[in-house]
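Below is one structure, written out as C-alpha cells, with a few remarks after it.
Every read-out reported here was derived from the displayed coordinates using simple, explicitly stated rules and does not represent laboratory data. Owing to the predicted nature of the structure, the values given are computational and were not obtained by experimental measurement. Positions of Cβ are backbone-derived with ideal geometry, glycine not excepted, and every protein chain shown enters the neighbour counts.
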Amino acid sequence: MPRYKLVNGERIQLTAEEEAQRDQEEADWEAGAFDRAISNLRQDRNRKLAETDYLALSDNTLSEAMKDYRQELRDITEGLTTVEDVKAVTFPTKP
C-alpha cells in the first residue's frame, strides 16, 4: 500500500527511496521497543525504591518484609527479554 506526504497542502505519494527510508525508520523504532520498555520499568522501579530509601538509613532498622520488598524491586528486571515480558511484570506490594 503506498504512503503519502503532504507538500504545501497537496497529497503526494512517497518515492521508492522515501518508502525505503520510512521502512527503515519503522524497523529501527520497533527494534528499540524493548529498550524503551525496560527503561520505563526501571524508572518506575527506581521511583518505588526511592520512596523507601529513608527507611534504609543507618539510624533505622529495616523489617524483613521491607528488606524483601526492596530486594524484589531490585530483582524485577532479571530474566526479561521481550516487551511482552516487561508488560507482564507486576510490582510487589509494599509492606
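Points worth noting:
- The chain - Rg and Dmax from Cα coordinates, angstrom: 22.3, 68
- Charge-dipole axis of the chain as Lys and Arg at +1 and Asp and Glu at -1 on Cβ define it, positive-most pick from Ala33, Thr15, Pro95: Pro95
- Label point distance in nm, Asp68-Arg47, each placed 7 Å from Cα along Cα→Cβ: 2.6
- Loop-located trypsin sites (Lys or Arg not before Pro) in the stretch 1-43 whose Cβ has at most 16 other Cβ within 10 Å (DSSP): Arg3
- Assigned charges on the beta-carbon of Lys, Arg, Asp, Glu; the chain dipole about Cα centre (debye): 400
- Helix axis angle, 16-31 relative to the chain longest principal axis, alpha carbon, degrees: 10
- Rounded FRET efficiency, nearest 0.05, which uses the C-beta distance separating Tyr54 from Leu14 and R0 of 41 Å: 0.15
- Compared with the dominant principal axis of the Cα atoms in the chain, helix 33-52 is inclined by about 30°.
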